[in-house]
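Only the coordinates and a few stated rules stand behind these numbers; no lab work does. Here the structure is a predicted model, which is why all the values come from computation and not from measurement. Glycine gets a Cβ as well: all are built from the backbone with ideal geometry, and neighbour counts include every protein chain shown.
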Amino acid sequence: MRGHFQGIALASIIPFIPVLGAMPLTAMAADNADLPSICSPRWQVEKEKLAGVLLKTYPVSTNYLSVGKNATPLTSQRALVHWLLQKHKAEKGAACTDSDSCNVGRMNDAVQKLLDNQDAGFKAGGKKVPAADFFGSTGNASQATLQCNAADAKPSLEPIPAAVVPAAAGSGAAPAAAGASGAVAAAGSGSNGGTATSAPNNGAAPAPAPAQEKGWMDRLRVRGNPDQLSISPDNKAAFASVDRAKLSLANDDVAQSRTNDIVAYAGYALDKSTFNEAGSTYEAVPYIGFKQNRVTVYDGTNASVTTTRTTAVGVLSSFHFVHPGTTDTEDLTARPDYLINNTDGSRLLSANFTYTPIRVAKLNDFIRLSDGISFKPILIGQSRNGIYTNRGDATVSADHEDFIRLGAQAGFTLASTNPRLPFDFTTTFTGLKALKGAQSIHYWKSVLTYNFNQNIGLSLNYSNGLLPDTADREKKWDLGISSKF
C-alpha cells in the first residue's frame, strides 16, 4: 500500500528518522569518497552500516513505504533495506515506473555486484544468497558475509543517472518537477548522530568520470621473488606479503668484513585474459632478475673481495581460478627460468610451479585480530625442477646436480593497520623434498619492515638454509632499503 504516510506524523513513530522536506527527484551522484566506513575491526562488512550507505546513495520517498498488514519495518536501516529488496524481488520482471522503484533496483544491483565479487574492495563469504535476502536475519541470510579487502574499503556505487524515470500516474508519488513528499535516509549510526540528512539539491549530477586507463608504467612489477610478479598492487591482501627487491649493507666488526646485497626482479605484466564463464583469468609476466652478494674482508691493510653475481630471465604464467557459488579461489603459477651464474660459470634451466589456495579470512588472506593488527596465514605448494646446461667450474660442478623437488612454503604475515605504526613482519619456512638429486631444501626467512609508503620501506632481514632455486647455502642478517611495485 503506497501513499499512507502522507498524513502520519512519522517523527512520533521513528524519532531517529524524521521525514525530510520536498526533494527534487533529479540525479544524485554517488560520491564514494564521502561514504562512511562499513567495515568492522575484523574487516567484515557491517550490514547495518551498508544499509545506511545504500539509503543515503539511493534515497526512497515515504510514498514507497507501507503501513497496515505488510508495514515497512523502521526499527533499523538493515530491516528497512531488507524490506525494500524483498518488495523489489516480489515485483521481479516489472520495469521501474518511478524514481523510488528505480532506486530500490539500484540498491539490489549494488548488493548483487558485491556478492558476485565484482567490487575489488570486497569478497563474499559464508552462505551464498541473492541480494534480496542478504540483509535478512534468519536462515542462510544470517550466515552470508562480505569481507573487506582493506580496513577503509568502500563500495563502488553507480550514481543515479541524470535522466530519472517520472513517477507513475496515480501512484501517490509526486512528479519529478514537483518533488516527493520526503525521503528515507541513513540514520542511527550515521556521523550526524542519528539525524537523517537530505541529499544535496544540486540539479543534474555530472556524468561519472570514465575509468582511467592504466599506463605502461602501471604494468611494471618489481619484487624480490619472481614467483610473485603476477600479484597486482590492487590485490591488497596478497601484495602485503610479497618479497621486496632490496639493497642492503652489513658490517661485521668481529670478522672485519662488509657485505652488500642486491636482489631485484623486474617484470612487465601483459594483458590479462578471461578463460571461462566464472571469470578465471590468465596473465603472463616476462621478467629479468639480478642478484649480487659482495663480501669484503679486511686483514690489516689488505682487503679481499668475493663477489657472487647471477642473472635470470624467464616468463611467469599465472592462472587465477574462480568457482561459481563460492568465494574459494586458487592461484597456479608456472615459471620457466634460465639462470646464469656469472661467478662460477654455471647455467641452470628450471621449471618452477606454485599452488596457492585462497580462503577468505582463513588462508592466504588477512584476518583482522584487533583494531591495530591483521594476521595472514601462508601456505603455498611448490615444485622446483632444474637441469644444468653447464655445471660450472671444477670447484662447484660436483654439487650442481639436476633436480626435482616438491614441497611447500608455510608461515605468516603480521601487518599493522595503524598508520602511525606502519610495520609488517613476514616469516616463512620452505621445505622441498628431493625426488631427484641429493639435496633437499630447508630455508627459513624472516623480514621486519618499516613502510615509508606502500612501495618503499626499511627492512631487517634474516635468512638461514639452502636457497630454493639453487640450493646454495645462506645464513645472514642485513638491513637495507626495500621496494615493491
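What does the net charge come to around residue 325 if you take all other residues with beta carbon closer than 13 Å to its beta carbon, with K and R at +1 and D and E at -1?
-1
Go ahead and run the numbers for FRET between residue 315 and residue 404, Cβ-Cβ distance against an R0 of 22 Å, rounding to 0.05. Walk me through the intermediate numbers first.
Values: r = 21 Å, r/R0 = 0.94.
Calculated transfer efficiency: 0.60.
Tell me, what is a quarter of the convex hull surface for the C-alpha atoms of region 332-485, in nm² with one decimal?
Working: hull surface 40.5 nm².
In nm², the orientation-averaged hull projection of region 332-485 is 10.1.
Please compute, for the alpha-carbon atoms of region 229-359, the extent along each of the three principal axes and give them in descending order in Å.
Dimensions of region 229-359 along the principal axes of its Cα atoms: 70, 29, 20 Å.
Extending each Cα 7 Å along its Cβ direction at residue 276 and residue 460, get the distance between those two points in nm, one decimal.
If labels sit at residue 276 and residue 460, their model points lie 4.5 nm apart.
Which of the peptides 100-107, 321-328 is most tightly packed, and how do the rest follow, judged by the mean count of other Cβ atoms within 10 Å per residue?
Final packing ranking: 100-107, 321-328.
Based on the alpha carbon coordinates of region 227-301, what radius of gyration and maximum Cα-Cα distance (Dmax) apply, in Å?
When restricted to Cα atoms, region 227-301 yields Rg and Dmax of 19.5, 69 Å.
Give me the extension gain from residue 117 to residue 375: residue separation times 0.36 nm, minus the current Cα-Cα distance, reported in nm with one decimal.
Values: separation 258, 0.36 × 258 = 92.88 nm, distance 2.21 nm.
That pair, residue 117 and residue 375, stretches by 90.7 nm at full extension.
Just need the Rg to Rh number for region 325-413, please, alpha carbons only, Kirkwood Rh. Numbers along the way, then the final one.
Values: Rg = 18.6 Å, Rh = 15.7 Å.
Using Cα coordinates only, the ratio equals 1.18.
In square nanometres, what is one fourth of the surface area of the convex hull spanned by the alpha carbons of region 399-483?
Numbers: hull surface 24.6 nm².
Its average projected convex-hull area is 6.1 nm².
Kindly flag which residue pairs out of 87/154; 154/272; 246/484; 376/445 have an alpha-carbon separation exceeding 18 Å in this structure. Each step should come with its number before you reach the end.
On the way: 87/154 26 Å; 154/272 25 Å; 246/484 9 Å; 376/445 16 Å.
From the list (87/154; 154/272; 246/484; 376/445), the Cα-Cα distance tops 18 Å for 87/154; 154/272.
Return the tail of the calculated pair distribution for region 254-296, meaning the percent of Cα-Cα pairs more than 17 Å apart.
Working: 537 of 903 pairs.
Tail fraction, whole percent: 59.
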